Every structure is written in C-alpha cells, then in structure tokens.
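Single-structure report; data block below.
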Amino acid sequence: MRALEEKYISFIDERIAEHNIVGEQYKADDRKDEADLEKVKSNIYEVFKTLFLSDIKQLEGKDLAGIKDISIYGGFLQRFETIPDNWKISLDKAIEHGDTTKQVIEEHKLAVAVELKERFIAMFDELGRE
C-alpha cells in the first residue's frame, strides 16, 4: 500500500505544479480568466490530496489481512461520487441559466475529479495489492 500512497501523491503533486506553472504563464500574459481556471484545477487536486491523506491516516494501524487495502479503495472511490455532487448541480444550473463562465469552471472541476479517479483505480490495480 505504501507504494500506492507515494505514487498517487506524487502524481497529484506533479499535476498541481503543472497547473501552477501554466497559471503563472497565463498571468504573465495578462490572461486572467485562464490563470484563474488553472488555479481552480490546482485547488481540486489539493482537495483530493487532502482527502486521500486523511483517509490513509484514519486507517493507520488497521492493516489486518488486506482490510486496509479494501477500505482505502472503497472509501476513497466513494469520495469521487460525493464530492462532485454539488459541482454537477452547479453545472446543471449554469447550463440552465446560460452562465458559460460557471459552466466551464464546473466542467473542469468534474474533469479533474474523473482524471484523479481513473488514475487512482489504475494505480490501485497496478500497485495496491503488492
């Protein structure tokens, strides 16, 4: 499990750094909207990193015959359903009201969550049972 934790956190940290760099480049080019969107993406990675670390910490010392593996997998996967729920509602409202700025933001937040979920599943399948 330790390899999964390290690799997933490393992936998230890399993505945060990438979005921060791109955001700074946009800011330097006076592209405020794009810079703000990069900050939103970076923040979503931070949210899921914090949740992942919290879930890991709660399971420390409970590693009995693979129970920790199952708990982290199921528990963290559920985060990808519960956390984006409000974003989906906000997206629907933005579409309904023609608020394209809000729509773009919510779509990007949801896309980051999908990327993180897919990467977590792939890493768990690859490393989680070592």
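Screening Gln58 against (1) at pLDDT below 95; (2) more than 19 Å from Arg119 (Cβ to Cβ); (3) surrounded by 13 or more Cβ atoms within 10 Å (Cβ to Cβ) leaves a single unmet condition, (3).
Filter the stretch 61-89 for residues that are modelled with pLDDT of 85 or more and either open to solvent by 80 Å² or more (accessible area, probe 1.4 Å) or outside any helix (DSSP H, G or I) (or both) and give the result.
Kept after step one, since they are modelled with pLDDT of 85 or more, are these residues of the stretch 61-89: 76-89.
Hits for the stretch 61-89 are Gln78, Glu81, Ile83, Pro84, Asn86, Lys88, Ile89.
Close contacts from the stretch 2-14, counting a first residue that is modelled with pLDDT of 90 or more and a second that is surrounded by 13 or more Cβ atoms within 10 Å (Cβ to Cβ) and not charged (D, E, K, R), with Cβ to Cβ under 7 Å and a gap of 6+ residues or different chains, come to Lys7/Met123; Lys7/Leu127; Tyr8/Phe52; Tyr8/Phe120; Tyr8/Met123; Ile12/Tyr45; Ile12/Phe48. Checked against (1) open to solvent by 90 Å² or more (accessible area, probe 1.4 Å); (2) assigned to a helix (DSSP H, G or I); (3) modelled with pLDDT under 95, Asp92 passes all but condition (3).
The values are calculated or read from the model by the stated rules, or taken from the named source; none is laboratory data. Keep in mind it's a predicted model, so treat the numbers as computed, not measured. With ideal geometry, Cβ positions are generated from the backbone for all residues, glycine too; neighbour counts draw on all protein chains shown. Note: accessible area is taken over every heavy atom of the protein model, side chains too, but ligands, DNA and RNA are not part of it. Shrake-Rupley method; radii C 1.70, N 1.55, O 1.52, S 1.80 Å.
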